[in-house]
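The block underneath contains the structure these notes are about, expressed in structure tokens.
FYI, it's all coordinate maths here, none of it is from the lab. Everything quoted here is computed from the prediction, not taken from an experiment. Heads up, the Cβs are rebuilt from the backbone with ideal geometry, glycines too, and the neighbour counts pull from every protein chain shown.
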Amino acid sequence: MDQINIAVIVGSLRRESFNQKLADAMARLAPPELAFKQVQIGNLPLYNQDDDDHQANAVKQLKAELLAADGFLFCTPEYNRSIPGVLKNALDHASRPYGQNAWQGKPAGIIGVSVGAIGTAMAQQHLRNILSYLNVPTMSQPEAFIQAKDGLFDDSGNIGAASREFLQSWMNHYMAWVKILTSH
């Protein structure tokens with residue numbers, strides 16, 4: 001079977017990011033036919049339409065990695081009931097200039113963890129709205145609004161026992177979603 005390449009976009013730059021840990025742990029739950037590669041978004045300049053004809057090298061690199069991917073996995077925190085600015089900046093850069101949308105047509109999964117009781121529910125909804133406009137089909141079910149609690153990760157950085165079955169099921173659904181939309 002062909003390998004399916006997934007670009008992972010983590011919406012947090014924090015050194016001890018829960019979402020970075022989640023992205024790493026979720027990749028370990030995936031079967032070997034899914035290959036995960038995190039793309040860097042923290043080094044992008046702020047989006048400015050004046051730069052569309054002369055995009056920075058970091059923007060060109062991001063777009064090349066997205067175009068090479070078969071699908072996307074977004075792991076995002078929630079900041080002020082929405083997505084972090086760094087993630088919105090990456091979405092804008094890779095979708096511009098008009099007609100050169102590197103996100104378009106590839107399946108995406110959205111997941112996130114936060115200390116709040118509703119996890120990242122609002123951020124995920126806002127991200128779905130943006131991705132819909134960018135023509136990125138997103139997996140609707142199951143949803144995963146994860147609250148950061150003791151035991152979410154074990155000492156090795158894997159998903160802890162209490163959440164493993166649920167998140168393994170999420171990953172299985174994601175894999176099936178990507179396979180359907182990529183014809184792998």
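With a/c under 1.5 counting as rounded, go ahead and sort segment 1-87 into rounded, prolate or oblate using the C-alpha gyration tensor (a ≥ b ≥ c being the square roots of the eigenvalues; past the cut-off, prolate if a/b is larger than b/c, else oblate). Here segment 1-87 falls in the oblate category. Axis of helix 121-133 versus longest Cα principal axis of the chain: the two differ by about 40°, to the nearest ten degrees.
Would you mind checking the tilt of helix 57-68 against the longest principal axis of the Cα atoms of the chain, expressed as 0 to 90 degrees and rounded to 10? The angle comes out at about 60 degrees. Residues whose amide H falls under 5 Å from that of residue 134, counting only those 5 or more places apart or on a different chain, are absent, with hydrogens built in the peptide plane. Loop sites here are trypsin sites (Lys or Arg not before Pro) outside DSSP states H, G, I, E and B with no more than 15 other Cβ atoms within 10 Å. The longest part of the chain free of them is 82-148. When shorter helices are ignored and each DSSP H run of at least 4 residues is given -39500 (n - 2.57), the per-residue value for the chain at 222 nm works out to -12000 deg cm²/dmol. Taking the charge dipole of segment 4-182 about its Cα centre, with +1 at Lys and Arg Cβ atoms and -1 at Asp and Glu Cβ atoms, the residue from 40, 114, 146 reaching farthest to the positive side is 146. When the Cα gyration tensor is reduced to axis lengths a ≥ b ≥ c, the ratio a/c is 1.5 or higher for segment 4-182, and with a/b above b/c it is classed as prolate.
Here the dipole of the chain is about 140 debye; that uses its Cα centre as origin and unit charges on the Cβ of Lys and Arg (positive) and Asp and Glu (negative). Looking at the chain, the DSSP beta bridges with both ends there are about 10 percent antiparallel. Among the listed pairs 60/149; 60/106; 63/149; 37/60, a Cα-Cα separation exceeding 28 Å is found for 60/149; 63/149. Give me the angle, in degrees from 0 to 90, between the Cα long axis of helix 161-182 and the longest principal axis of the Cα atoms of the chain, rounded to the nearest 10. Tilt relative to the chain: about 40 degrees. Averaging the sequence gap over all C-alpha pairs within less than 8 Å and six or more residues apart, then dividing by the number of residues, gives segment 4-182 a relative contact order of 24 percent.
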